[in-house]
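Participant: Shown below is the structure under consideration.
Throughout, read-outs are computed from the coordinates displayed, never taken from laboratory work. Keep in mind that this is a model prediction, so the values were computed, not measured. FYI the Cβ positions are ideal-geometry reconstructions off the backbone, even for glycines, and counts take in every protein chain you see.
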Amino acid sequence: MKKHVIALTGYAAVGKDTVADLLVEHLGFRKLAFADTLRGEVANAFGVELSYLVHPSTKNHPMSALAMRRAPVGFLAAAALAPGLAPRDGADRIAPEWLDQPRSPRQIMQWWGTEYRRREHEHYWSRQLVKRALDYMHHGETRFVITDCRFDNEAKAVRDDLGGQIWQITRPGIDSSTTAEGAHVSATDGSGFAPDVVLSNSHDIRHLQQLVLGEFLSHEAGIAGATVAVPQ
């Protein structure tokens with residue numbers, strides 16, 4: 001059976017998870033993310049429920065349980081060394097109010113993923129995801145959608161190690177000035193990855209479903225510009 005690996009890229013809230021869910025529901029894809037392992041590490045490190053790091057209703061809301069004073073030593077040290085991240089007091093100590101400030105799951109995951117783990121090793125996350133995908137392939141699975149391609153090396157791993165495509169998802173009104181991800185280095189619209197497909201999530205779910213199924217058909221059957229009509 002033909003292998004399909006699709007990595008989705010784009011700012012937060014453009015519809016990447018919705019596109020992934022459509023591929024899972026209608027075409028039997030397995031949903032993966034570079035952040036799957038990250039979420040588990042953060043949940044274990046801070047002693048919080050994994051669901052708080054996943055659900056849109058909680059991901060952007062500060063929590064006292066995620067204050068940096070509760071952070072593991074290695075993570076706190078990495079944050080302290082990151083340029084401009086941890087403000088200092090007059091004695092060059094980390095400001096107490098910074099340590100005690102409630103943090104959102106999104107912010108902690110950004111710091112953990114980039115300032116901590118990627119600073120240790122650029123391919124920390126990509127190697128783990130590639131290994132998981134190859135393990136699934138070894139057991140006969142052939143369709144995978146990755147929901148969060150954010151860095152050049154991740155896009156390269158998808159293409160070179162997994163033979164996959166990059167799909168960029170856009171949405172009117174969401175850009176670098178409005179994204180919930182702020183100015184963090186991990187926030188990207190994905191255009192720099194030379195995406196194979198660009199989908200504009202500009203209408204309703206039915207329209208997006210037609211776009212997703214049409215692009216899959218184009219790739220599967222080799223029919224450029226294939227369209228799929230979804231009944232109302």
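Participant: Once the piece of chain linking residue 194 and residue 121 is laid out straight, how much longer is it, given 0.36 nm per residue of separation minus the C-alpha distance between them?
Facilitator: Roughly 23.9 nm would be gained on extension.
Participant: Separation of the range 85-152 and the range 22-74 by C-alpha centroid, Å?
Facilitator: Cα centroid to Cα centroid, the span is 10 Å.
Participant: Can you give me the relative contact order of the chain as a percent, contacts being Cα pairs under 8 Å and 6 or more apart?
Facilitator: Here the relative contact order equals 32 percent.
Participant: Pull up the cross-link candidates among the aspartates and glutamates for residue 16, meaning alpha carbon to alpha carbon under 17 Å and not fewer than 8 places away within one chain.
Facilitator: The qualifying aspartates and glutamates are 25, 36, 148, 154, 175, 181, 189, 196, 204, 215.
Participant: Can you tell me the alpha carbon radius of gyration of the range 38-120 divided by the globular rule-of-thumb value 2.2 N^0.38 Å?
Facilitator: Taking the Cα Rg and dividing by 2.2 N^0.38 Å, one obtains 1.05.
Participant: Near residue 186, within a Cβ-to-Cβ distance under 15 Å, what is the net charge of the other residues, with Lys and Arg +1 and Asp and Glu -1?
Facilitator: +1
Participant: Enter the per residue convex hull volume of the chain, computed from alpha-carbon coordinates, in Å³ rounded to the nearest integer.
Facilitator: Taking only Cα atoms, the chain has a hull volume of 134 Å³ per residue.
Participant: Starting from a Cα-only point model with no solvent, please compute log10 I(q)/I(0) by Debye for the range 83-163 at q = 0.22 1/Å.
Facilitator: -1.07
Participant: Using modelled amide H (1.01 Å from N, peptide plane; none on Pro or chain starts), what sits under 5 Å from the amide H of residue 30, excluding residues fewer than 5 places away?
Facilitator: 143, 144, 145
Participant: For the chain, what does -39500 (n - 2.57) per DSSP helix run (n ≥ 4), summed and divided by total residues, give at 222 nm, in deg cm²/dmol to the nearest 500? Mind dumping the intermediate values first?
Facilitator: Details: 9 runs with 89 residues, N = 232.
Helix-only estimate at 222 nm: -11000 deg cm²/dmol.
Participant: Given Cα positions, please report Rg to Rh for the range 10-55, the hydrodynamic radius being the Kirkwood one.
Facilitator: 1.05
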